[in-house]
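Each remark here refers to the structure printed beneath this line.
The values are calculated or read from the model by the stated rules, or taken from the named source; none is laboratory data. Here the structure is a predicted model, which is why all the values come from computation and not from measurement. Reconstructed Cβ throughout: ideal geometry from the backbone, glycine too, with neighbour counts over all protein chains shown.
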Amino acid sequence: MERLLNVRSEYQHLEPEQLKKLQNALSMNCEILLFNIRTSGNIAMCIRTACLMGCKQVIICGRKHYDKRFTVGAENYIPVTFVEKPLKVTINCKKGTNPVEYIEMFNYNVDEFVKCCNGRTPIFLEQNGTNISEVPWKLVENPLVILGNESLGIPTDFIKSVKTILPETRIVSIPQCSVMRSLNVAVAASIVLWEITKQTTSLSFTC
């Protein structure tokens, strides 16, 4: 059998469908939603991390394309679902000297987003939230970790509207010691998913 891409040595003898079932059995009850992430490399690295940390599913809302060189096959073992309704993107061309200059206008649909949550607890990773290490993750029912746009994040008003409908909604943050404003979104995903995994599972595997 051809050696499978980035699969642990002890599982190389398994067929792809067997690996999917094993991945699902090893997964924790946590999912992530990539909300308007624009860089294909970031989307791909989030998929890889979600698979490695034992997420049940990756939901992508916004850009569909991701660079499979960065997933190293993770999309074969974890479900990756695309949804469109919560976020509508329109392109407005500017009138000016630069013909390729444009503005992306985002229309966030709160009701459709709430439907997308589908009984899961929305956990927005944003500024000025609860320290991720202080969240009792074992007590959070069906967490859906939401990561926003690399530059814009997720609008505060949108989060407030979601919380009005789903009061269990949380905002969490990663503590930082720097003059820098934020982490790369894929790095941030790795940190928060590691914290959830550490608190909620018995870690038996090592890198």
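I'm checking my understanding of the structure. Among residues of the stretch 167-193 that are of a type outside the set (Asp, Glu), more than 25 Å from Ser40 (Cβ to Cβ) and at pLDDT 95 or above, which one is surrounded by the most Cβ atoms within 10 Å (Cβ to Cβ)?
Val172
Among Ile196, Ile171, which is out of contact with any Ser or Thr (no Cβ under 8 Å at 6 or more places or on another chain), among the β-branched types (Val, Ile, Thr) and in contact (Cβ under 8 Å) with a residue 24 or more places away in the chain?
On the way: Ile171 fails: out of contact with any Ser or Thr (no Cβ under 8 Å at 6 or more places or on another chain).
After ruling out the rest, the residue left standing is Ile196.
Residues are listed down the side, and each one gets a yes or a no for (1) exposed (fewer than 14 other Cβ atoms within 10 Å of the Cβ); (2) charged (D, E, K, R); (3) closer than 23 Å to Ile171 by Cα; (4) modelled with pLDDT of 95 or more:
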position: Ile43; (1), (2), (3), (4): no, no, yes, yes
position: Cys46; (1), (2), (3), (4): no, no, yes, yes
position: Ala50; (1), (2), (3), (4): no, no, yes, yes
position: Tyr66; (1), (2), (3), (4): no, no, no, no
position: Thr71; (1), (2), (3), (4): no, no, no, no
position: Ile91; (1), (2), (3), (4): yes, no, no, no
position: Glu112; (1), (2), (3), (4): no, yes, yes, no
position: Glu141; (1), (2), (3), (4): yes, yes, yes, no
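I'd like to check something: does the stretch 127-135 contain any residue that is assigned to a helix (DSSP H, G or I), under 24 Å from Arg63 (Cα atoms), touching a residue at least 12 places away in the same chain (Cβ under 8 Å) and among the aliphatic types (A, V, I, L, M)?
no
Go through the stretch 166-199 and give me each residue that's assigned to a loop (DSSP other than H, G, I, E, B) and of a type in the set (Val, Ile, Thr).
Thr169, Ile174, Val179, listed by residue number.
Given the conditions (1) surrounded by fewer than 20 Cβ atoms within 10 Å (Cβ to Cβ); (2) over 23 Å from Leu183 (Cβ atoms); (3) among the hydrophobic types (A, V, I, L, M, F, W, C), and given that Cys117 satisfies all but one, which numbered condition is not satisfied?
The one condition Cys117 does not meet is (1).
What residue, among those in the stretch 12-38 that are touching a residue at least 60 places away in the same chain (Cβ under 8 Å) and surrounded by fewer than 19 Cβ atoms within 10 Å (Cβ to Cβ), is farthest from the chain's Cα centre (by Cα)?
Step by step, filter the stretch 12-38, then rank; the result is Pro16.
Does His65 qualify as being in a loop (DSSP other than H, G, I, E, B) and without any contact (Cβ under 8 Å) to a residue 24 or more places away in the chain? Spell out the reasoning first.
Values: in a loop (DSSP other than H, G, I, E, B): yes; without any contact (Cβ under 8 Å) to a residue 24 or more places away in the chain: no.
For His65, the condition - in a loop (DSSP other than H, G, I, E, B) and without any contact (Cβ under 8 Å) to a residue 24 or more places away in the chain - is not met.
Answer yes or no: is there a residue in the stretch 93-106 that is modelled with pLDDT under 85, surrounded by 12 or more Cβ atoms within 10 Å (Cβ to Cβ) and either among the basic types (Lys, Arg) or part of a strand (DSSP E or B) (or both). Walk me through how you get there before you give the answer.
So the first thing to find is which residues in the stretch 93-106 are modelled with pLDDT under 85, and the list is 93-106.
Still in the running and surrounded by 12 or more Cβ atoms within 10 Å (Cβ to Cβ): 104, 106.
Still in the running and either among the basic types (Lys, Arg) or part of a strand (DSSP E or B) (or both): 104, 106.
Scanning the stretch 93-106, I find at least one residue that is modelled with pLDDT under 85, surrounded by 12 or more Cβ atoms within 10 Å (Cβ to Cβ) and either among the basic types (Lys, Arg) or part of a strand (DSSP E or B) (or both), so the answer is yes.
Which is of a type in the set (Val, Ile, Thr), out of contact with any Pro (no Cβ under 6 Å at 6 or more places or on another chain) and assigned to a strand (DSSP E or B), of Ile59, Ile47, Ile43? Give the derivation first.
Numbers: Ile47 fails: assigned to a strand (DSSP E or B); Ile43 fails: assigned to a strand (DSSP E or B).
Criteria check complete, one pass: Ile59.
Evaluate the following for Val7: is it touching a residue at least 12 places away in the same chain (Cβ under 8 Å), surrounded by 16 or more Cβ atoms within 10 Å (Cβ to Cβ), assigned to a loop (DSSP other than H, G, I, E, B) and aliphatic (A, V, I, L, M)?
yes
If you scan the stretch 172-194, which residues turn out to be under 14 Å from the mean Cα position of the chain (by Cα) and of a type outside the set (S, T, N, Q)?
Selection gives Val172, Val185, Ala186, Val187, Ala188, Ala189, Ile191, Val192, Leu193, Trp194.
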